[in-house]
């Protein structure tokens with residue numbers, strides 16, 4: 001006896017072991033490496049998909065937070081393209097609210113930025129933050145409401161004049 005496993009009889013169904021060699025069959029190690037490679041590829045593909053998803057969500061959220069004029073690069077028009085025809089204070093609100101009518105004789109589909117100012121004796125007392133409005137039909141007056149949430153009506157000095165002015169005009173898609 002030389003320390004090797006005895007040979008199986010020839011009639012046996014079991015495969016023969018090579019004489020002089022011991023250890024595991026080659027097939028086991030190849031299968032294990034393929035399983036590790038498959039698991040690594042699954043993790044890698046999952047990580048790439050997750051990173052792409054996060055990047056897509058970040059891109060969409062930044063795109064949605066941009067104002068319309070930043071998303072569409074339409075040309076800026078002269079301020080006198082749109083006129084403010086009348087301004088009336090809305091008296092039943094606690095904060096300053098104004099109804100104004102804007103009109104453009106020749107242009108439609110505009111983004112109009114309006115500024116609300118409070119003046120007394122020719123001196124500017126307060127300017128409310130600008131607000132954007134969409135003007136749709138050329139030649140037709142459009143009513144807009146400007147709200148100055150930072151300024152309570154009771155804080156406006158007696159004799160002060162409230163005015164609305166066009167601060168910017170941009171083209172928009174139809």
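List of remarks:
- From the C-alpha gyration tensor of the stretch 76-171, square roots of 5λ in Å: 25, 13, 11
- Exposure proxy order (Cβ contacts within 10 Å, fewest to most) of 33, 109: 33, 109
- Sorted on the mean count of surrounding Cβ atoms within 10 Å across their residues, most packed first, peptides 78-84, 110-116, 166-172 read 110-116, 166-172, 78-84.
Each value in this text was obtained by applying a stated rule to the coordinates, not by laboratory testing. The shown structure was predicted, so the numbers you read here are calculated from the model rather than taken from an experiment. Heads up, the Cβs are rebuilt from the backbone with ideal geometry, glycines too, and the neighbour counts pull from every protein chain shown.
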